[in-house]
């Protein structure tokens with residue numbers, strides 16, 4: 001989720017079904033149009049090396065979900081296909097190229113954005129990660145650690161684990177393999 005809108009960035013707004021309705025408007029005015037939604041690309045990124053999940057902790061100064069753990073996510077630019085936006089956001093937010101990108105679903109999320117959810121896999125090692133300024137943490141974390149952290153009170157964006165579950169099912173259904181199963185079990 002991007003908080004600070006570039007006033008020069010242009011976006012399209014869509015209706016509840018994802019149909020473009022208002023095109024080429026400044027990103028910082030997207031919330032001024034009730035009943036229309038800003039399209040975003042959200043990517044649940046897994047490491048093909050370790051099976052861990054790529055996450056970042058949002059800045060405590062963020063307008064939306066300050067300090068919360070999030071997936072790779074950002075606004076889709078005007079005229080930009082959702083899958084292209086997903087790959088761009090992975091490069092911008094984490095410095096990674098996606099080796100696998102699978103569409104999972106699309107629809108309005110808890111934040112009132114029209115979310116295009118993707119499952120992504122990358123070969124990028126932890127040392128290769130290079131995030132945007134503003135994130136308080138960027139790195140790979142094991143699923144078991146994230147679940148434990150949530151139980152211990154660590155804050156995650158709304159829908160974090162629901163999106164993760166949908167993405168894991170998509171990867172498994174498409175026989176995308178890693179060093180561990182996407183449920184955290186070691187492969188033999």
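Assorted remarks:
- Top of 77, 23, 57 by mean-square fluctuation, Gaussian network on the chain, Cα under 10 Å: 23
- Think of it as helices only: each DSSP H run of n ≥ 4 in the chain is worth -39500 (n - 2.57), and spread over all residues that comes to -6000 deg cm²/dmol at 222 nm.
- The chain, relative contact order in percent, only Cα pairs under 8 angstrom and at least six apart counted: 24
- Temperature 25 °C, viscosity 0.890 mPa s: under these conditions the Stokes-Einstein estimate for the range 61-136, based on its Kirkwood radius over C-alpha pairs, is 182 µm² per second.
- Put simply, the range 1-84 fits an ellipsoid with semi-axes of 26, 16, 11 Å; these come from the alpha carbon gyration tensor as the roots of five times its eigenvalues, largest first.
- Likely footprinting exposure, 50, 144, fewest C-beta neighbours within 10 Å first: 144, 50
- Annotation: the residues 151, 170, sorted from fewest to most other C-beta atoms within 10 Å of their own C-beta, follow the order 151, 170.
- Alpha-carbon Rg/Rh ratio, for the chain, with Rh computed the Kirkwood way: 0.96
- On Cα atoms only, tilt of 160-173 relative to the major axis of the chain in degrees: 60
- Its relative contact order, with pairs defined as Cα atoms under 8 Å and 6+ residues apart, puts the range 8-54 at 31 percent.
- Paramagnetic label reach from residue 8 (point 7 Å along Cα→Cβ; backbone nitrogen cut-off under 17 Å): within the range 74-92, residues 77-78.
- With neighbours defined as other Cβ atoms within 10 Å of a residue's Cβ, the residues 113, 87, 123 order from fewest to most as 123, 87, 113.
Bear in mind these aren't lab numbers, they're just calculated from the coordinates by the rules spelled out. Not measured: the values here are computed from a predicted model. We place every Cβ from the backbone using ideal geometry, glycine too, and count neighbours over all the protein chains shown.
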